[in-house]
Each structure stands twice: as C-alpha cells, then as structure tokens.
C-alpha cells in the first residue's frame with residue numbers, strides 16, 4: 001500500500017476523534033406522550049370493535065342453534081305421530097270411506 | 001435523583017420521573033441511534049420507540065445493572081433491528097426492479113452521512129468512515145460505535161453488550177482491521 005493511501009486511511013480513521021455528541025429532539029418527551037396516548041386510544045377502539053363483532057357472532061350462532069333445535073324437535077314429533085298412525089292404519093292425510 | 005428512586009417512581013407511572021429520565025438520556029440515545037442508522041428522521045423515531053419500551057418494560061428491569069446500561073442495550077437492539085429491516089426492503093426493491101418495476105428506486109450505496117458532531121475539516125473523511133462502519137459485522141459495529149462515537153469505556157461497553165472486556169478489545173481490534181481493508185478498497189476505487 002503506498003504512503004499516500006496509507007495517510008488517507010489514517011486521516012479517515014482519525015476523522016471522528018473529538019467528535020461531539022449529537023443533540024436529540026428537545027420536544028421528544030411530548031412526542032412520546034402523544035404517541036403513547038394515541039396507541040392507548042387505538043387499543044380501546046379496537047377492543048370495542050372486536051367485542052361488537054364477537055357479540056354479533058354469538059347472537060347469530062345462538063339463533064342458528066335455536067332454529068336447528070326447534071327443527072329437530074318438530075321432526076321427532078312428526079316421526080312419532082306417523083309411527084302411531086301407521087300402527088293403527090290411520091293415514092293422517094287421506095280418509096277412506 | 002437517585003437511580004433506585006427514579007426507577008421506583010417510573011414503575012409507579014410517575015410522569016415527572018419519566019420526563020427526567022427522557023431528558024437525562026435523550027442525547028445519549030439519539031447520538032447512539034443516529035450513529036447506527038445514519039438518518040436523523042429514522043433516529044428520532046427510534047428514540048421514541050426506545051423510551052416507550054423503557055416506560056412499558058420498567059417493571060421487568062431487575063436492578064442487576066445500571067439503568068443507563070439497559071437503555072443503551074435497548075437503543076442498540078432497536079437500531080440493529082431497523083438496519084436489518086432496511087436491508088430486507090432493499091433486497092425486495094432490487095427483486096422488484098428485476099421485474100421492471102421502474103417506480104422503485106434503489107438508494108445509491110455511497111458515503112452520505114454527515115454526523116453533526118464532527119469538526120468541519122473532517123466532514124468529508126468522516127462520511128467515508130461512517131460508510132465503512134456501516135459495512136462492519138454487527139458486534140464490531142456496536143463495539144466501535146459505542147467506544148469511538150459515544151465515548152464509552154471498555155467496561156461500560158462490555159456491560160451493554162454482555163461480553164467480557166477482552167471480547168470488546170478483540171472486537172475493536174478486528175473492527176479496526178476491517179475498517180482499514182474497507183477504506184483501502186474504497187479509496188482505490190474512488191481516488
């Protein structure tokens with residue numbers, strides 16, 4: 001490596017000798033508090049939205065289960081009455097004279 | 001304010017205590033982060049994240065080290081995460097450019113960072129040096145930045161990095177060697 005290049009490298013490595021510390025934003029504290037408050041509001045809002053959707057899903061699921069239960073119950077009752085009718089040769093829909 | 005008293009007050013979410021902490025460590029954190037990320041806007045955003053993390057995690061602080069050690073550790077960690085994220089975005093942008101997406105511009109990879117604390121006559125050389133520092137492996141970059149830019153002692157750096165003092169010395173030795181190589185290659189191409 002030639003002298004000139006060596007000197008340039010040394011000068012570059014020494015260029016941050018005596019470097020002073022950079023100064024941070026004097027309004028940093030205010031920015032931090034604003035951000036934390038904004039984040040807190042976002043969490044509360046998100047929580048409310050999630051709760052509302054969860055409640056809606058529960059209500060719909062509840063309606064579906066109730067409907068299925070009622071249908072199941074009426075199907076069973078119909079089967080019982082048809083079995084009874086066929087046992088006693090009664091056709092619930094036609095009457096033979 | 002005594003450190004234990006300060007920590008205790010912040011754990012009770014005392015805003016005056018937290019303000020005191022921010023004002024005490026603002027310049028230290030900013031200078032450290034800036035030296036890693038080499039962009040003022042990014043450094044300010046990361047500084048916010050550092051202090052928010054300190055506030056939210058203060059209950060986890062176990063008083064096994066000094067609070068400044070813990071704060072520096074968070075600052076270094078967030079800076080390195082930011083650099084990794086930036087490299088990923090660059091790689092993605094490069095791939096997009098291969099598919100002819102002209103809208104994505106790749107930032108030219110060259111010395112650009114003007115640290116505000118460098119003396120005027122050293123500005124040009126320091127830009128090249130910071131460019132070379134950014135090319136070092138993470139641990140060497142951390143050790144070099146904390147000692148040479150932030151001015152911390154080897155003992156302080158060893159606490160922050162959670163390595164021995166001799167490891168810090170070894171990292172600095174290797175960093176200097178690598179910097180010489182990087183600078184030699186740079187100047188041979190650019191003289």
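Derivation of every value follows stated rules applied to the coordinates shown; laboratory data play no part. As the structure is a computational prediction, the values presented were derived from the model and not from experiment. Cβ sites come from the backbone with ideal geometry, for glycine too, and all protein chains shown count toward neighbours.
Determine the relative contact order of the range B:1-107: mean sequence separation of Cα pairs under 8 Å and six or more apart, normalised by residue count, in whole percent.
Relative contact order of the range B:1-107: 26 percent.
Using a cutoff of 8 angstrom between alpha carbon atoms and counting only pairs six or more residues apart, the relative contact order for chain B works out to 20 percent. For a test of the definition: using alpha carbon positions, the gyration tensor, and the 1.5 limit on a/c, classify chain B as rounded, prolate or oblate. Taking the square roots of the gyration eigenvalues as a ≥ b ≥ c, chain B is prolate.
Per residue of A:27-34, other chain Cβ atoms within 10 Å of the residue Cβ number 6 on average.
Kirkwood Rh, the protein assembly as shown, all Cα pairs: how many Å?
Here the Kirkwood hydrodynamic radius works out to 24.1 Å.
Ranked by the mean number of other Cβ atoms within 10 Å of their residues, highest first, the peptides B:166-179, B:120-133, B:20-33, A:63-76 fall in the order B:20-33, B:120-133, B:166-179, A:63-76. For the range A:1-79, what does the alpha-carbon gyration tensor say about shape, rounded, prolate or oblate, given a ≥ b ≥ c as the root eigenvalues, a/c under 1.5 as rounded, and a/b over b/c as prolate? Oblate, since a/c reaches 1.5 and b/c is not below a/b. Helix A:28-87 and the longest principal axis of the C-alpha atoms of chain A enclose an angle of approximately 20°. Summary value for the range B:109-191: 27 percent relative contact order, contacts being C-alpha pairs under 8 angstrom separated by 6+ residues. For the pair residue B:165 and residue A:69, label points projected 7 Å from Cα toward Cβ lie 7.5 nm apart.
Peptide B:117-126 is shielded by partner chain Cβ atoms: per residue, an average of 5 of them sit within 10 Å of its Cβ.
Could you tell me the calculated FRET efficiency between residue A:31 and residue B:135, based on Cβ-Cβ distance and R0 = 35 angstrom, to the nearest 0.05? Result of the calculation: an efficiency of 0.65. Set the Förster distance to 35 Å, then compute FRET efficiency between residue B:62 and residue A:54 from the Cβ-Cβ distance, nearest 0.05. It comes out at approximately 0.40.
Here r is the Cβ-Cβ distance between residue B:187 and residue B:41 and R0 is 22 Å; the resulting FRET efficiency, rounded to 0.05, is 0.15.
For chain B, the longest principal axis of the C-alpha atoms and the axis of helix B:123-133 are separated by about 80°.
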